[in-house]
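Here is the structure we will look at.
Quick note: the coordinates plus some simple rules give every number you see, no bench work behind them. Only a predicted model underlies this, so the values are computations on that prediction, with no experimental measurement involved.
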Amino acid sequence: MLKLKTFFLSLMASMALLNMNNALAASETNAPVADKPVATEATPSKVENVAAPSVVVADKVNLNTATAEELKQALKGVGTKKAQAIVDYREQHGNFTAVEQLTEVKGIGPAIFEKNKDRITF
């Protein structure tokens, strides 16, 4: 499901970039955007070159894709060691499927969990 969601986000980003390129080209030539060709389908090679969705969205951090540095910056009470422990836990046990799993990480107790449970996404 996550791969499907990532694919659709990438596809939408590709289409947005194509539309922006068309608008830019139109403004440079003073021609209306409607006169410019518009791509209607994205090829797989173009989708693969689109940047992955951000791991920090609207003050939420994705536990399954964030780096230790991103976790450190996004989560309250989480420093370098705890952020790395989260990444290590994910690498050993697979992706997080429930926010409560964060408490299984060494160094993450109830207080840190409560401060951050609303800041976490998958």
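On the principal axes of its alpha-carbon atoms, the range 56-121 has extents of 28, 23, 22 Å, going from largest to smallest.
For the range 106-122, 3J(HN,Hα) computed residue by residue from phi via the Karplus equation (6.51, -1.76, 1.60; θ = phi - 60°) reads 4, x, 9, x, x, 5, 5, 4, 4, 5, 10, 4, 8, 9, 10, 9, 10 Hz, glycine and proline entered as x. Close amide H partners of Thr121, meaning residues 5 or more places away or on another chain with modelled amide H under 5 Å apart, are Val61, Asn62, Leu63.
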